[in-house]
Amino acid sequence: MDWKPEINAAQARITDHIQVTPVMQGNGFGLGYPIEMKLEHMQHTGSFKARGAFNTLLSQKVPASGLVAASGGNHGAAVGYAAHKLGHKARIYVPEMAGPAKISLIRDSGADLQVVPGAYANALEQAQVYEQETGAMQVHAYDAPGTVAGQGTCFAEWQAQGLAADTVIIAVGGGGLIAGAMAWFQGAKKIIAVEPETSCALHAALAAGAPRDVEVSGVAANALGARRIGSICFDLAQQHSQTGTLTSLTVNDAAITAAQTALWRERRLLVEPAGATALAALTSGVYQPEPDEKVAVLLCGGNIAPDPLA
């Protein structure tokens, strides 16, 4: 699939509905070298997910039965927000592990919120049943072309803002965001995929040679807790890992929370654990750039729990 035209079309489609998020450059975090960060946690509803949600809703005809989505939290908030802005009804299924802050964010969007026991996979099962029973349009969190193209606009935007890095470091859950990065850069940048050790669907799939179910737990599980990597992401990742333009790494919970703390203390940037996971690869030393390598980090989510100003 030729992704660039799809991403360019998505960017034109959603431009009036999303924020152009800022970029920050400088030294810090005890690294000894400068990094560039894109502050995508400042996007509508606190994550990049609004991009894919708006692209999906604006590129397809929404039936009278409305929309349905399953989410660990951030996707549901984005779909609820986009549906409200565009005048559609939406039902969102989230697992209890999404946590009160994200559940409240979805409820405030006006969506019909359904909280279910278990993890994201359990929410997805119920969303699929609702889709079959009602004819509602499923807005997949990560494994759909419209979602991937929408997330790809983040990197098209970043490139237009002057991204000079050789290497872009991105946290991975179900794979929609990093699939958008691979689809846009097409090997022109080295991409580092970072997952928690206890929620690592992409890392496990690449090791096994095919997507497979993994156990999900840890501090970032309510955002990066996909049980199985998306097929679109896996296909792209397999191609890019074979050419050396994708490296898959994992970090532990302590490294994630340390990076989250460092972002607050050094930059006054308040992000959720998932939003700090990419930086954790650098601050923990799991990824060590070459002396002349320019690196960039995407901060993907800011829906910290509990809400510090609630």
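Read-outs: derived from the displayed coordinates by stated rules, not from any lab. The model shown is predicted, which means the values in this text are computed figures rather than measured ones. We place every Cβ from the backbone using ideal geometry, glycine too, and count neighbours over all the protein chains shown.
Just a few scattered comments:
- Directionally averaged shadow of the stretch 1-103, computed from the convex hull of its alpha-carbon atoms, nm²: 9.2
- Subset of Lys4/Lys190; Lys38/Lys189; Lys38/Lys89; Lys85/Lys189; Lys61/Lys102; Lys61/Lys189 violating a 25 Å alpha-carbon distance limit: Lys38/Lys89; Lys85/Lys189; Lys61/Lys102; Lys61/Lys189
- The orientation-averaged projection of the convex hull spanning the C-alpha atoms of the chain amounts to 14.2 square nanometres.
- q = 0.13, 0.24, 0.25, 0.31 Å⁻¹: log10 I(q)/I(0) that the Debye formula gives for the stretch 1-41, counting C-alpha atoms only: -0.49, -0.83, -0.86, -1.01
- Cross-link partners of Lys49 among aspartates and glutamates, defined as those whose alpha carbon lies under 20 angstrom from its own and excluding same-chain residues fewer than eight positions apart: Glu6, Asp16, Glu40, Glu96, Asp108, Asp112, Asp143, Glu157, Glu195, Glu272, Asp307.
- 13 Å cut-off, amide nitrogen to a point 7 angstrom out along Val20 Cα→Cβ, residues in the stretch 29-64: none
- Simple label model, 7 Å out from Cα along Cβ direction - Ala188 to Thr243, nm: 1.2
- Rounded to the nearest 10 degrees, the angle from helix 120-134 to the longest Cα principal axis of the chain is 30 degrees.
- Cα long-axis angle, helix 176-185 against the chain (0 to 90 degrees, to the nearest 10): 60
- The simple Förster model, with R0 at 35 Å and r as the Cβ-Cβ distance, assigns Glu197 and Lys4 a FRET efficiency of 0.55.
- Rounded to the nearest 10 degrees, the inclination of helix 3-14 to the longest alpha-carbon principal axis of the chain is 60 degrees.
- Rg in Å to one decimal, and Dmax rounded to a whole Å, for the stretch 49-138 via C-alpha atoms: 11.7, 32
- Two-site label geometry, Leu309 and Lys61: point separation in nm, points 7 Å out along Cα→Cβ: 4.2
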